[in-house]
Amino acid sequence: MEVDEGPGDDLRTRLHAMESKLRRIWGQRDAHNESAKRAADSRNSVNTQSSELRESIRSRMDDQKAV
């Protein structure tokens, strides 16, 4: 003996839609966070390689100046 509640069903439908949208937004946020972490790791790797290369160049220039 379930009575069909028009406004109640509408609210449940809207609530379900909002929950689904919220889950989708959370998923997008997580994807953006992962992308940002990968970009930061890549940036840090490039910075490390750059520092190593600069040090190598500096060392060779010092050797050349000594000659």
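The values are calculated or read from the model by the stated rules, or taken from the named source; none is laboratory data. As the structure is a prediction and not an experimental result, all values here were calculated from the model. Using ideal geometry, Cβ is built from the backbone for each residue, glycine included, and neighbour counts are taken over all protein chains shown. Note: areas computed on protein heavy atoms with side chains; ligands, DNA, RNA excluded. Shrake-Rupley method; radii C 1.70, N 1.55, O 1.52, S 1.80 Å.
Does anyone have the angle between helix 6-66 and the longest principal axis of the chain? Alpha-carbon axes, 0 to 90°, nearest 10? Taking Cα atoms only, the helix is inclined about 0 degrees.
Loop-located GluC sites (Glu not before Pro) across region 5-44 with a Cβ neighbour count of 13 or fewer within 10 Å are Glu5, with loop assigned by DSSP.
Projecting the Cα atoms of Ala31, Val46, Pro7 onto the dipole axis of the chain, where Lys and Arg carry +1 and Asp and Glu carry -1 at the beta carbon, places Val46 farthest toward the positive end. About its Cα centre, the dipole of the chain is roughly 640 debye, where the only charges are +1 on Lys and Arg Cβ and -1 on Asp and Glu Cβ. Computed in the context of the full set of protein chains, the accessible area of the chain at 1.4 Å probe radius has 54% of its extent on carbon or sulfur.
For the chain, the alpha carbon positions stretch 99, 15, 6 Å along the principal axes, listed from largest to smallest. Rolling a 1.4 Å probe across the protein heavy atoms gives the chain an accessible surface of 96 Å² per residue.
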